[in-house]
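Here the structure comes first, spelled out in structure tokens, and everything after it is commentary.
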Amino acid sequence: MITSRRQKRVADLLMEELGALIALELEDPRLQFVNVTAVEVSSDLRHARVYVTHLGTPEEEPGVLEALQHASGYLRRELARRVILRHVPELSFHIDDTLERARRIDQLIERLHADETGSS
């Protein structure tokens, strides 16, 4: 995905503001310990994919996404007040599974290493 400098600046701005809004403004208990890890903005700046992590269990993920989607109108309204953009993008929320994938890769590497040292 090719991103322009403007897309990167808007994504960084949205990530910072959404992180603060979610942490400090939203009082939904499902959103405790939720962090914004990345934001990807479309080339026309009208859509933003917001990636989040949380410290809960995988079974809680649908509730976290539901709470964020429910709060998306409020979040967009607050973003419109706080940032200077012609259009505040539509927000879609997604669980960031990067840490889980990294953990699985580490486990595979450790297993391969153990197999190599065990067969020598």
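Read-outs: derived from the displayed coordinates by stated rules, not from any lab. Just so it is clear, the structure is predicted and the values come from calculations on it, not from any experiment. All Cβ positions, glycine included, derive from the backbone under ideal geometry; neighbour counts span all protein chains shown.
Within region 17-59, the set of residues being part of a helix (DSSP H, G or I) and either among the hydroxyl-bearing types (Ser, Thr, Tyr) or surrounded by 14 or more Cβ atoms within 10 Å (Cβ to Cβ) (or both) comprises 17, 18, 19, 21, 22, 23, 30, 31. The residues of region 81-120 that are out of contact with any Ser or Thr (no Cβ under 9 Å at 6 or more places or on another chain) and among the aliphatic types (A, V, I, L, M), listed by number, are 83, 84, 85, 88, 102, 105, 108, 109, 112, 114.
Between 105, 84, the distinction of being over 18 Å from residue 18 (Cβ atoms) and out of contact with any Leu (no Cβ under 7 Å at 6 or more places or on another chain) belongs to 105 only. The set of residues from region 18-40 being under 12 Å from the mean Cα position of the chain (by Cα), of a type in the set (A, V, I, L, M, F, W, C) and closer than 19 Å to residue 90 by Cβ comprises 18, 22, 36, 38, 39.
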